[in-house]
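Everything below concerns the one structure shown next.
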Amino acid sequence: MLKVSNLSVSYGPIPALRDISLEIGEGDTLAVVGANGAGKSTLTLAIAGAVRPALGTIEIAGTDITGWLPEKVAFQNIALVPEGRHIFEGLTVEENLLLGMTARKESGSTASAFDEVYSMFPVLRERRTSQATRLSGGEQQQLAIARALLSKPRLLILDEPSLGLAPIMVDTVYTVLKKLKEIGVAMLLVEQNPARIGEIADHVIVLTGGSVALSGRPEILERQALEDAYFGTL
Ligand code: ATP
């Protein structure tokens, strides 16, 4: 459903991605790993339309969306949960969620859409009238994911959803991601923890210096770790 071909992105003179090609099948989860500065966030932003590619194409279900503005990409049912969550300060939990409804094409009541996400994230129901900034980091991450889900994405892009969260919160986030996978939502997941990748990903790519260094089943990460240990490069 997502096909990225020969994608290159630069920030002015600085190349951030070089000649990236990847595909995500209907309902599949692709994990993206790589060191700091490898280009993982840039890849998520490029697919969501927030940065413009210099070269290459991005297609969603056969439609070429290369160079589209983020609002238009969102209407193709692609939702991004960016690194750092980006909840709206000064708004309540429920007001933040309402903003997630703007890219929703499906008709039906707001109340039933909210019920659906509140049943996934009960803590958000409890805190719905609280200022979003008063939530813990883990709760804010749940809010960011819940808001993305309200647009009914076919493809959910998550940039390090477990970064900085307590282990119990990471479990909560991954329980929801697994549920989404079960109901057929495709995901592109930037994640550094091989154990988490093993739980959910169908495929993994390793980015190094803006290029795909390795690609395959999640097990390649174990093999790579062994090789790195053997050759002393870890
Ligand atoms: P991290 O894990 O640290 O978030 P990353 O793998 O997500 O790293 P990117 O944030 O995509 O990497 O950065 C890729 C390259 O592009 C890096 O060299 C980074 O310094 C550069 N870069 C990222 N954003 C910008 C920007 N807005 N302006 C200029 N250069 C940028």
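Annotation note: GluC sites (Glu not before Pro) in the range 1-59 located in DSSP loop regions with a Cβ neighbour count of at most 13 within 10 Å are Glu26. A simple charge model with +1 on the Cβ of Lys and Arg, -1 on the Cβ of Asp and Glu and nothing else charged puts the dipole of the range 144-234 at about 480 debye relative to its Cα centre. Please give me the summed charge of the neighbours of Lys152: other residues whose Cβ is under 11 Å from its Cβ, Lys and Arg +1, Asp and Glu -1. Result for the neighbourhood of Lys152: +1. With both residues required to sit in the chain, DSSP beta bridges show an antiparallel share near 55%. Mean sequence separation of contacting Cα pairs (under 8 Å, at least six apart), scaled by the length of the chain, corresponds to a relative contact order of 27 percent. Each residue of the range 87-102 was assigned a 3J(HN,Hα) from its phi angle through the Karplus curve 6.51 cos²θ - 1.76 cosθ + 1.60 (θ = phi - 60°); the sequence is 7, 8, 6, x, 10, 6, 4, 5, 5, 4, 5, 4, 5, x, 7, 5 Hz, with glycine and proline shown as x. For the range 31-126, relative contact order (Cα pairs under 8 Å, six or more residues apart, normalised by length) works out to 19 percent.
Centre-to-centre separation between the Cα atoms of the range 43-96 and those of the range 144-165: 11 Å. Taking the accessible area of the chain, probe 1.4 Å, and keeping the other protein chains in place, the carbon and sulfur fraction comes to 53%. Taken about its Cα centre, the chain carries a charge dipole of about 420 debye when Lys and Arg each add +1 at the Cβ and Asp and Glu each add -1 at the Cβ. The residues Thr172, Thr208, sorted by heavy-atom accessible surface at 1.4 Å with ligands and nucleic acids left out, run Thr208, Thr172 from largest to smallest. To the nearest ten degrees, helix 219-230 and the longest principal axis of the Cα atoms of the chain are 50 degrees apart. The relative contact order of the range 102-198 comes to 28 percent, based on Cα pairs under 8 Å that sit 6 or more residues apart. At the residue level, Thr29 shows approximately 0 square angstrom of accessible surface with a 1.4 angstrom probe and all protein chains present. When the charge dipole of the range 36-136 is built from unit charges on Cβ atoms (+1 for Lys and Arg, -1 for Asp and Glu) and taken about the Cα centre, the candidate among Leu98, Pro82, Ala38 whose Cα reaches farthest toward its positive end is Ala38. Whole-Hz Karplus values for the range 198-206 come out as x, 5, 10, 7, 8, 8, 9, 10, 10 Hz, taken residue by residue from phi with 6.51 cos²θ - 1.76 cosθ + 1.60 and θ = phi - 60°; glycine and proline positions read x.
Simple rule: put +1 on each Lys or Arg Cβ and -1 on each Asp or Glu Cβ in the chain, find the dipole, and look at Ile168, Ile47, Leu214; the Cα lying farthest toward the positive end is Ile47. Helix content alone sets the calculated 222 nm mean residue ellipticity of the chain: runs of n ≥ 4 DSSP H residues at -39500 (n - 2.57) each, divided across all residues, give -10500 deg cm²/dmol. Among the listed pairs Lys152/Lys178; Lys3/Lys152; Lys72/Lys178, those with a Cα-Cα distance over 24 Å are Lys72/Lys178. Taking packing as the residue-averaged number of other Cβ atoms within 10 angstrom, the listed peptides 132-143, 154-165 run from highest to lowest as 154-165, 132-143. Sequence-ordered 3J(HN,Hα) estimates for the range 48-63 from the Karplus curve with 6.51, -1.76 and 1.60 and θ = phi - 60° stand at 7, x, 7, 10, 8, x, 7, 9, x, 10, 10, 10, 10, 6, x, 9 Hz, glycine and proline given as x.
The values are calculated or read from the model by the stated rules, or taken from the named source; none is laboratory data. Just so it is clear, the structure is predicted and the values come from calculations on it, not from any experiment. Don't worry about glycine lacking a Cβ; one is built from the backbone with ideal geometry, like all the others, and counts go over all protein chains shown. Remember, those area values only see protein heavy atoms, side chains included, never the ligands or the DNA or RNA. Shrake-Rupley method; radii C 1.70, N 1.55, O 1.52, S 1.80 Å.
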